[in-house]
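The values are calculated or read from the model by the stated rules, or taken from the named source; none is laboratory data. Note that the structure is a prediction, hence the values are computed from the model and not measured. Neighbour counts run over all protein chains shown; Cβ positions are idealised from the backbone, glycine included. We work out accessible area using only protein heavy atoms, side chains counted, and drop any ligands, DNA or RNA first. Shrake-Rupley method; radii C 1.70, N 1.55, O 1.52, S 1.80 Å.
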Amino acid sequence: MDLSGTAALVTGAASGLGAATAAALAARGAAVYGLDLEKAVTAAGPQPDGITLLAADVTEEEPVRRALARIETDGAELRLAVNCAGIAP
């Protein structure tokens with residue numbers, strides 16, 4: 001499947017299943033915006049082409065709104081969303 005010209009939002013994208021999902025989507029041409037906690041984004045380091053990690057706690061509305069605004073500012077057409085964030089106490 002060719003995803004060129006589309007954008008994907010992946011939560012929990014700094015590691016594990018979220019990172020693997022982000023990589024798979026980017027490999028198919030999507031511009032991937034990955035959301036994760038700030039410390040996870042920092043620990044993940046540089047990302048391959050096609051993946052932009054954004055620090056956002058998905059349990060809070062405002063950081064998610066800022067991330068969505070960034071995607072819109074970049075002119076990306078958001079067509080996919082994948083929730084891989086693990087929420088724990």
Looking only at helices (runs of 4 or more DSSP H) that lie completely in the chain, which have at least 2 residues being β-branched (Val, Ile, Thr)?
38-44, 61-73
Checked against (1) surrounded by 19 or more Cβ atoms within 10 Å (Cβ to Cβ); (2) on the phi < 0 side of the Ramachandran plot; (3) not polar (S, T, N, Q), GLY12 satisfies every condition except (2)
Residue identified as surrounded by 11 or more Cβ atoms within 10 Å (Cβ to Cβ) and either closer than 18 Å to ALA27 by Cα or not aromatic (Phe, Trp, Tyr) (or both) among ALA76, ALA69:
ALA76
Out of the residues in the range 20-52 meeting the condition of being within 17 Å of ILE87 (Cβ to Cβ) and either aliphatic (A, V, I, L, M) or under 11 Å from the mean Cα position of the chain (by Cα) (or both), tell me which one is surrounded by the most Cβ atoms within 10 Å (Cβ to Cβ).
GLY34
Would you confirm, using the coordinates I've provided, whether GLU60 is without any contact (Cβ under 8 Å) to a residue 12 or more places away in the chain and either open to solvent by 60 Å² or more (accessible area, probe 1.4 Å) or within 10 Å of the chain's Cα centre (by Cα) (or both)?
yes
